[in-house]
Structures are given as structure tokens and as C-alpha cells.
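Student: What follows is a single structure, and I will ask about it in a moment.
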Amino acid sequence: MSLWDYWIEEALSKLHSLQLLRSLRPIYLRNEPQHPTNTTSSKSSFEDEFQVFDEMHPWDRSSVEIQISDATFQNWVHHISSSGDEADSSGHVLADSETGECPRLFKKLLLFSGNDYLGLSSHPTIGKAAAKAALKHGMGPRGSALICGYTNYHRLLESCLADLKKKEDCLLCPTGFAANMAVMVTLGNVSSLLASGSKPLQHERVAIFSDAFNHASIIDGIRLAQRQSSVEVFIYRHCNMTHLNTLLSSCTLKKKVVVTDSLFSMDGDFAPMTELVKLRKKHRFLLVIDDVSKTVDDSVQGEKKWHMLMTLVLVEAHGTFVCGQNGGGVAEEFNCEKDIDICVGTLSKAFFSNNVTITIIRLAPILEHKKWKQLIQSRGRSFIFSTASPVPIVAASHAGVIVARKETWRRKAIWERVQDFRNLTGIPIMSHIISLIIGSEEKALEASQHLLRSGFHVTAIRPPTVPPNSCRLRVTLSAAHTRNDLVSLTDALSRCIDLKEISVNGSSYAYARM
């Protein structure tokens, strides 16, 4: 039995005694959707209602072929600040005073900076699912999930995502930021609920070990838990397992959590999953669970054994649906799904932009890890105090999960584009997120403006998103891109940076010389 299982049980018991345990009460919206039974045939019949395709169609290109107004283009090229108000007047065309001719209204660009990795944002099946739900139910009941915003649509999507991730259960949050905040704060709440006094003593706190390059939402969630004096934070060097092992070994706190992105959004490198799993197994000790330093053994709690000092939290924002044979993400890709305790993922990246994200709970052989879900929905403030996602968005998300899983050609296509970029540039990139580090802010903006003039939407990433002097071009690939798109892009890149001078350095940074 896991010590974390014991702590979660105790925390829930405390919440129950304080009458603070919260429940989800789904509102049933008539006619749609019907939950398929567990039989393979009924599930297949249910999913057959969603039309899928076996190759790229013209509508897929609209996810990467975009246009901006000429006013926006000019402001961008000349680095003029804008609040977006030029869009208000884009329909009003003034003739040139000298020629009497109307200027071009829009500039067409090829998008290489989006997160629609599978190119599904314009998929007709997903659009129809949203429209159908909107016509039947409008936006659905509007309120937080704990009040009236949780419906049978939300529950169906949770079940579908839990199946995808091979987990026991799932909790939908309105945004990825909210999901990570909820998980971090809830982890800190474990120590608060089990504290002997009004606040956790030093040895009662949760030790959180966080990768130095983790997403801002993870960092902010940890900071909030810190302000509540419920956690101690240890930052390990990016993907450095030797440093992490040293920190874990020297930490005397009982409750240990390691949190990491699976695929880092600004660098495009993967977390060292195999090494993380080894560390997790290494730190499964029989542990002290009381204040008199008594080892818990067979004489305590019957015949139960206590183990697992470390809990592993994986944030799957950029790998879900893109990585793994079935689109299960980085954990599936590295065959370590069973070793992940909590997985936080998002649906706003891999197939279309919406505000539904997921928190996945690990399937455990002993205790029901639905209890993790119960704890997060009871103590995750960003979940509790946020309005639930509208029903049409949830319906579209459910359709997107099915389409993404069935249209396997999309995963194949995006990895073909990764290989194309490697072959065309000679840069040994690791994923569909390509980080070309320029250095100074001025040079990064200059390179971005050159690409804009060449017809490519590639933004310069600057502080505070990245550290000073590591400004970069962040290029993202999509299944909707073609090899010809990459040929044109690399040609434009070669005219503003020296591709031959780019090298992969340690943490897979690609440094470019102007």
C-alpha cells in the first residue's frame, strides 16, 4: 500500500469530518450523449457516428494558412505596439490619394507558431459536434462544476480521456493553467489537512521537486502552495537526474512529489522518462509515518505494506495525441504509463483550441485513486471557483478525441515533418517543437520580421517567457504542413540565420548565428 494512499485517505477523512468534501452532480441533458456500454461492438457502433478521413483534405490547410490585415502586418514589421484595434477598421478601405487604387487588405501567411499540432481545428466532424450540441442545449447550464456546470457531456469526455490514458478516472478543468494550479495547491493541502496544529510544521510539509524549465502554471501553483506554508520547494536543473537524485536523497521530508513537463514547450525536448521512472522505483522505501519515528511494518494496519515515498506528476500539454501509438502521449511513447501517478493534459494543443484540460488519476491496484479526484475537486481552488466549460466545447472535445485516435495518418504526418526538417536543415531536433535560439532580443525580432516578410508567421520568444539572451524563434510543426512548406520555410530561415552554425547543446538548445 502506498503512503500517499494512506495520506489521501486521511485527508479525505478530515474533509469529511469538517463537512468540506465536495461532490460532482452531473445534470443530464436529454437526448445526447448516450454512454456506450463496455462491449467492444457497442463502443465501436457509438464511435462510428463520427466521420473520419484517411488523408488530408482542403479544410485541413485552413489550420495553417492564415491572413492578417495589412495594418497589422505593417505594425508587426516595424515593431509598432498594438492592442489589436486595427481589426476594428479592417473592413474600411481608403483609396491611395495618389494612385486612387485600394491597397491590399490582407497578407496571407503560413502559420508555423500554432499549437494545433494535428491540424484538427477545422475538422468538419468536430465543428458539427459543437453545432449540434449548441442547437440542442445552447451553452448548457452555466456555473462551476460543483454547482450546476457539470453535465453528462462532461462525464462522457472524462471517461473517454481516462480510457485514452489507461487510467481510472479523469477530472476536467476549464484551462490548463487552472488544472496545474489545482493539482499543486491540492498537494500542499495534504500537509495542511494532516498537520498537528493550525499550520504544518517543517517536517509535515510536502516536498515538491520541480524541473527548472517547468511551465509558468506549475510554478505559480507551487508558489501559491508555498504562501500557504504547506510545501517546501526544490528546483532541479533542467532534465538533470543526477541533481534530482541528490536532492531526493538528502531531503528528510516524508511526502515527496516530483513534477515535470513531459515535453517542454519552449525547448522541444522530452523529460527523461526512463530515468524518472528508475528514480521513482529507487525511492520506494518502507517509511516512518508517525511522530515517534517508528517504522511501519506488518504490526501496523494488519498485513499492509507501506511504500512509495515519491509521487510523480507528469504535465502532458504538448504530447497528448501526438506521441504514442494510440496518441496516449509521452508516457505511452516511453512505455511508462503505469508509473505516472498523476497526469495533467490539455486538449487545447494537439487538435483544436478550446479551454478544456484534464487531470488524470493513476490506476492503482490497491486503493481507488478516484480519491485523488475527490481531493482535487474538494481543494483545488482554481477548479472550484471556475465556471465549467460550455457544453458545445465539451461535445467538440469528445468528437476530437475520437477523430484524433482514429485518424492515425495525422500522427504519422507530423513525425514525417519532423524528419523533413532534420533532413533539410541538418539540425537533430527531437520533436514538433523547434527552438532556434538567437540570443539577443533585437536579433530575434529581426529574424521574425524577415520571416514575416517572407510569408511565415513565426514569433520571436523573449523575456520573461525565456531567460535574457536566450531569445528564440519557436517553430511548431503540424500534420497539416507539407514537405514543400518546410522547403520554403528552411529557405527563408537560411536567409536570416546561418543554419550551419546551429548546434544542439546539452539541453537540446539550438543556437543560431545571425
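Student: Within the stretch 251-269, is even one residue aliphatic (A, V, I, L, M), assigned to a helix (DSSP H, G or I) and farther than 23 Å from V475 by Cβ?
Tutor: Within the stretch 251-269 (the criterion being aliphatic (A, V, I, L, M), assigned to a helix (DSSP H, G or I) and farther than 23 Å from V475 by Cβ), the answer is no, since none of the residues qualifies.
Student: Next question. On the given criteria, is L247 free of Cβ contacts under 8 Å to residues at least 60 places away in the same chain and assigned to a helix (DSSP H, G or I)?
Tutor: yes
Student: Which one of the conditions (1) at pLDDT 95 or above; (2) in a loop (DSSP other than H, G, I, E, B) does S122 fail to meet, given that it meets all the rest?
Tutor: For S122, the exception is condition (1).
Student: Return the residues of the stretch 63-80 that are loosely packed, with under 14 Cβ neighbours inside 10 Å and in contact (Cβ under 8 Å) with a residue 60 or more places away in the chain; say none if nothing qualifies.
Tutor: Correct list: H79 only.
Student: Also: Can you go through G119, G140, G188 and tell me which one is over 28 Å from L18 (Cβ atoms), assigned by the TED database to the domain that holds Q325 and open to solvent by less than 40 Å² (accessible area, probe 1.4 Å)?
Tutor: Values: G119 fails: assigned by the TED database to the domain that holds Q325; G188 fails: over 28 Å from L18 (Cβ atoms).
After applying the criteria, what remains is G140.
Student: For the condition assigned to a loop (DSSP other than H, G, I, E, B) and of a type outside the set (D, E), what is the one hit in G140, G188?
Tutor: Values: G188 fails: assigned to a loop (DSSP other than H, G, I, E, B).
Only one candidate qualifies: G140.
Student: For D169, indicate whether it is charged (D, E, K, R), open to solvent by less than 20 Å² (accessible area, probe 1.4 Å), under 22 Å from G329 (Cα atoms) and out of contact with any Gly (no Cβ under 7 Å at 6 or more places or on another chain).
Tutor: Working: charged (D, E, K, R): yes; open to solvent by less than 20 Å² (accessible area, probe 1.4 Å): yes; under 22 Å from G329 (Cα atoms): yes; out of contact with any Gly (no Cβ under 7 Å at 6 or more places or on another chain): yes.
Spelling it out, D169 is indeed charged (D, E, K, R), open to solvent by less than 20 Å² (accessible area, probe 1.4 Å), under 22 Å from G329 (Cα atoms) and out of contact with any Gly (no Cβ under 7 Å at 6 or more places or on another chain).
Yes/no per residue for (1) over 25 Å from the mean Cα position of the chain (by Cα); (2) in a strand (DSSP E or B); (3) among the basic types (K, R):
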site: G400; (1), (2), (3): no, no, no
site: K412; (1), (2), (3): no, no, yes
site: R417; (1), (2), (3): no, no, yes
site: L424; (1), (2), (3): yes, no, no
site: A447; (1), (2), (3): yes, no, no
site: T465; (1), (2), (3): no, no, no
site: L473; (1), (2), (3): no, yes, no
site: N484; (1), (2), (3): yes, no, no
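Student: Let me ask something else about it. Checking K128 against (1) in a helix (DSSP H, G or I); (2) touching a Cys at 6+ places or on another chain (Cβ under 9 Å); (3) surrounded by fewer than 19 Cβ atoms within 10 Å (Cβ to Cβ), only one condition comes out false. Which one?
Tutor: (2)
Student: State all residues of the stretch 312-331 that are among the small types (G, A, S) and either at pLDDT below 80 or within 20 Å of L244 (Cα to Cα) (or both); if no residue qualifies, say none.
Tutor: Once the filter is applied, which keeps residues that are among the small types (G, A, S) and either at pLDDT below 80 or within 20 Å of L244 (Cα to Cα) (or both), the stretch 312-331 yields A317, G319, A331.
Student: Out of Q74, Q34, Q19, which single residue is outside any helix (DSSP H, G or I) and at pLDDT below 95?
Tutor: Selected residue: Q34, the only one of Q74, Q34, Q19 that is outside any helix (DSSP H, G or I) and at pLDDT below 95.
Student: Scan the stretch 379-393 and tell me whether some residue there is out of contact with any Cys (no Cβ under 8 Å at 6 or more places or on another chain), of a type in the set (K, R) and in the same structural domain as A133 (by the TED database).
Tutor: Within the stretch 379-393, one or more residues are out of contact with any Cys (no Cβ under 8 Å at 6 or more places or on another chain), of a type in the set (K, R) and in the same structural domain as A133 (by the TED database).
Student: Considering only the stretch 221-258, state which residues are open to solvent by 60 Å² or more (accessible area, probe 1.4 Å) and either within 20 Å of C343 (Cβ to Cβ) or among the basic types (K, R) (or both).
Tutor: R223, R227, R237
Student: Could you figure out which of (1) open to solvent by less than 30 Å² (accessible area, probe 1.4 Å); (2) modelled with pLDDT of 95 or more isn't true of L436?
Tutor: Among (1) open to solvent by less than 30 Å² (accessible area, probe 1.4 Å); (2) modelled with pLDDT of 95 or more, L436 violates only (2).
The values are calculated or read from the model by the stated rules, or taken from the named source; none is laboratory data. Remember, predicted model here, so these are calculated numbers, not experimental data. Cβ atoms come from the backbone with ideal geometry, glycine included; neighbour counts cover every protein chain shown. Surface areas here come from the heavy atoms of the whole protein model, side chains and all, with no ligands, DNA or RNA. Shrake-Rupley method; radii C 1.70, N 1.55, O 1.52, S 1.80 Å.
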